[in-house]
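A quick write-up on the structure given underneath.
The values are calculated or read from the model by the stated rules, or taken from the named source; none is laboratory data. Predicted model, so just to flag it, every value in this text is computed and none were measured. Note: ideal-geometry Cβ built from the backbone for every residue, glycine included; neighbour counts use all protein chains shown. Ligands, DNA and RNA are stripped out before the accessible areas are found, and what is left, the full protein with its side chains, is counted by its heavy atoms. Shrake-Rupley method; radii C 1.70, N 1.55, O 1.52, S 1.80 Å.
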Amino acid sequence: MAKILVVDDDPHIRSVLCFALARDGFATAEAADGAAALAAVTRESPDLVLLDVTMPEMNGTDVCREIRRAGDLPVIFLSSRDEEVDRILGLELGGDDYVTKPFSPREVVARVRAVLRRRQSPTAPEAPPPATSPLRLLPDRHEAFWQDQPVALTVTEFAILRAMAAAPGRVFTRDMLMDIAYPDRRVVSDRTIDSHIRHIRQKFAALGGEPIGTVHGLGYRFSA
């Protein structure tokens with residue numbers, strides 16, 4: 001039974017989401033602010049965090065930064081702001097998804113299942129990265145290494161890189177990457193995919209790596 005940590009300063013939203021998640025078979029935990037959320041991540045060991053962006057004292061983006069420093073725990077942002085720049089910022093900070101208020105609890109549960117499914121799906125038969133590549137992926141453990149140095153990727157980032165590394169040299173259009181990143185077929189903009197790619201590149205660049213190349217006018221391909 002997966003455990004979901006629901007973080008929101010509105011007790012009604014926490015109650016509604018916890019009820020919907022419990023009805024769908026999830027265990028739940030709650031936190032009303034950012035500091036309590038970080039304590040709950042350590043105490044409860046959740047499988048995913050539903051994280052409100054706007055909270056007093058410590059907002060959701062700061063909480064996500066702290067979570068990302070510690071590892072790759074999946075995060076879905078909850079926000080009353082629907083501007084594209086806010087969604088992109090949420091993804092840049094390492095969020096796996098972004099849900100705008102007001103939302104349907106059923107939609108949130110579906111998003112939770114989609115993110116966990118990408119994390120927990122069994123390993124499909126696929127080609128590993130080339131033996132000469134400094135990239136190493138361990139799908140069963142959701143771990144990535146560059147020259148034996150660990151790289152913390154979100155669920156969505158890992159799914160994108162894993163698919164590209166299995167077909168080195170193949171050009172992946174943004175539409176193809178959307179299908180990989182969002183198997184529930186939701187509509188996202190090209191900028192969302194570009195944001196994921198940029199975030200992957202930044203993480204590997206910090207270790208001297210450059211696993212993804214740009215094919216101008218077409219898309220991206222694995223180049224390590």
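Key figures for this structure:
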read-out	value
Within the stretch 210-224, tally of residues that are surrounded by 19 or more Cβ atoms within 10 Å (Cβ to Cβ) and not in a strand (DSSP E or B)	2
Residue among L207, L138, L161 that alone is open to solvent by less than 20 Å² (accessible area, probe 1.4 Å) and either charged (D, E, K, R) or at pLDDT 85 or above (or both)	L161
The stretch 3-54: number of residues that are over 16 Å from R65 (Cβ atoms) and in contact with a Gly (Cβ under 8 Å, 6 or more places away or on another chain)	0
Condition check for D72: in contact with a His (Cβ under 7 Å, 6 or more places away or on another chain), closer than 25 Å to F158 by Cα and surrounded by 19 or more Cβ atoms within 10 Å (Cβ to Cβ)	yes
Count - residues of the stretch 101-118 that are outside any helix (DSSP H, G or I) and buried (at least 18 other Cβ atoms within 10 Å of the Cβ)	0
Entirely in the stretch 1-60, the strands (runs of 3 or more DSSP E) that have 1 or more residues that are open to solvent by 30 Å² or more (accessible area, probe 1.4 Å) and free of Cβ contacts under 8 Å to residues at least 60 places away in the same chain	3-7, 27-31
